[in-house]
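The values are calculated or read from the model by the stated rules, or taken from the named source; none is laboratory data. Bear in mind the structure is a predicted one, so any value in this text is a computation, not a measurement. Reconstructed Cβ throughout: ideal geometry from the backbone, glycine too, with neighbour counts over all protein chains shown. With ligands, DNA and RNA removed, areas are computed over all heavy atoms of the protein, side chains included. Shrake-Rupley method; radii C 1.70, N 1.55, O 1.52, S 1.80 Å.
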Amino acid sequence: MTFTFDFYKNVPMLISTLIAWGVIAYICLKLSKKKEKIRIWKIIVILLVGMFSLAINWNIFNEQVKIAILPIGVWILFLVYRRKIDKWKNYRVFAWTGFLANYIFIFTTLLTVPIYHLLYPSDELSTYISNVEDAHMINTHMSAPVNTLNKAMLIEQIPSFTLELDPDGEWYESRYLRVDENDRKERFPYLLLDTKPQWGSGLLTMIYIEENGKGLLISTPEKQLYFHSTKSIFERGEKIND
């Protein structure tokens, strides 16, 4: 699955993964009681090898998941134990459990996706910026006017920022740069650094500030979101372009 966040900081997905492993461990425990005594390390190895598969990508709920279609790991184990029929009879159920584990992970992930979006709405700026204690900004283009970030104003304005949809999905190509006849200016010439997203979201973002301080461009590995406010987040008294 393709994620737009730091997996180990994504609490819902981490819990989902632990649940999936718990289910797999429970299945293996139940199966081991019906078989001749097999060492735990052998079960783990067979399980992990059995998870290897040929998969296809499928887009579900705007998330890309890999659907296992060919049990390559099971075939490998069969070739290894094809002359040891008795052992293969004991091991094959764990090999197929490994292949089944791919679908267990898909199932728990798909259950987690709507929960994740409920906890961390993608259309609310507070999802991407919840802590600005260490926040500061830097210029990224020579056309940037001299401005100073007002952290208090940013905190105050976060709830009022609204998401503006881009039907063409071409923020960079059509809107990222504003080009005049005799002058080329960056629309988002500042980079906002050291902010923190909502705890547990694991989001990875780059945040650009519009030259008038009234817009924020949130860039993730997969998409860009533009949030706009009626008030600037720059210090009053500085030069601000409308």
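Select from segment 120-138 the residues that are within 14 Å of the chain's Cα centre (by Cα) and in contact (Cβ under 8 Å) with a residue 60 or more places away in the chain and list them in ascending order.
Hits for segment 120-138 are 120, 122, 127, 128.
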Please determine, by comparing only the residues of segment 140-171 that are of a type in the set (Ser, Thr, Tyr) and under 16 Å from residue 190 (Cβ atoms), which one is modelled with the lowest pLDDT.
143
Filter segment 50-106 down to the residues that are among the hydroxyl-bearing types (Ser, Thr, Tyr) and either closer than 22 Å to residue 36 by Cβ or surrounded by 16 or more Cβ atoms within 10 Å (Cβ to Cβ) (or both) and list them by number.
53, 81, 91, 97
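Would you say residue 186 is among the acidic types (Asp, Glu), surrounded by 13 or more Cβ atoms within 10 Å (Cβ to Cβ), under 30 Å from residue 230 (Cβ atoms) and modelled with pLDDT of 90 or more?
On the way: among the acidic types (Asp, Glu): yes; surrounded by 13 or more Cβ atoms within 10 Å (Cβ to Cβ): yes; under 30 Å from residue 230 (Cβ atoms): yes; modelled with pLDDT of 90 or more: no.
Against the criterion (among the acidic types (Asp, Glu), surrounded by 13 or more Cβ atoms within 10 Å (Cβ to Cβ), under 30 Å from residue 230 (Cβ atoms) and modelled with pLDDT of 90 or more), residue 186 does not qualify.
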Scan segment 8-56 for residues that are β-branched (Val, Ile, Thr) and more than 25 Å from residue 69 (Cβ to Cβ) and jot them down.
11, 15, 38, 40
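From the residues in segment 107-118 that are more than 18 Å from residue 220 (Cα to Cα) and not polar (S, T, N, Q), which one is least open to solvent (accessible area, probe 1.4 Å)?
Let us first name the residues in segment 107-118 that are more than 18 Å from residue 220 (Cα to Cα), namely 107-112, 114-115, 118.
This time we only want the ones that are not polar (S, T, N, Q), so: 107, 110-111, 114-115, 118.
Numbers: 107: 130, 110: 41, 111: 94, 114: 70, 115: 90, 118: 136 Å².
Top of the filtered list is 110.
Anything in segment 44-66 that is of a type in the set (A, V, I, L, M, F, W, C) and under 21 Å from residue 27 (Cα atoms)? List them, or say none. I'd like the intermediate steps shown before the answer.
Keep residues of segment 44-66 that are of a type in the set (A, V, I, L, M, F, W, C), which gives 44-49, 51-52, 54-56, 58, 60-61, 65.
Of everything in segment 44-66, those that are of a type in the set (A, V, I, L, M, F, W, C) and under 21 Å from residue 27 (Cα atoms) turn out to be 44, 45, 46, 47, 48, 49, 51, 52.
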When residues of segment 128-143 are filtered for being in contact with a strand residue (DSSP E or B) (Cβ under 6 Å, 6 or more places away or on another chain) and open to solvent by less than 60 Å² (accessible area, probe 1.4 Å), how many remain?
5
What is the number of the single condition among (1) within 29 Å of the chain's Cα centre (by Cα); (2) assigned to a helix (DSSP H, G or I) that residue 41 does not meet?
(1)
Could you list, in sequence order, all residues of segment 3-46 that are β-branched (Val, Ile, Thr) and either exposed (fewer than 14 other Cβ atoms within 10 Å of the Cβ) or at pLDDT 90 or above (or both)?
11, 15, 17, 19, 23, 24, 27, 40, 43, 44, 45, 46
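May I ask you to list the residues in segment 55-74 that are under 23 Å from the mean Cα position of the chain (by Cα) and either of a type in the set (A, V, I, L, M) or modelled with pLDDT of 95 or more (or both)? Full working, then the answer.
Pass one, segment 55-74, residues under 23 Å from the mean Cα position of the chain (by Cα): 55-68.
Across segment 55-74, the qualifying residues are 55, 56, 60, 65, 67, 68.
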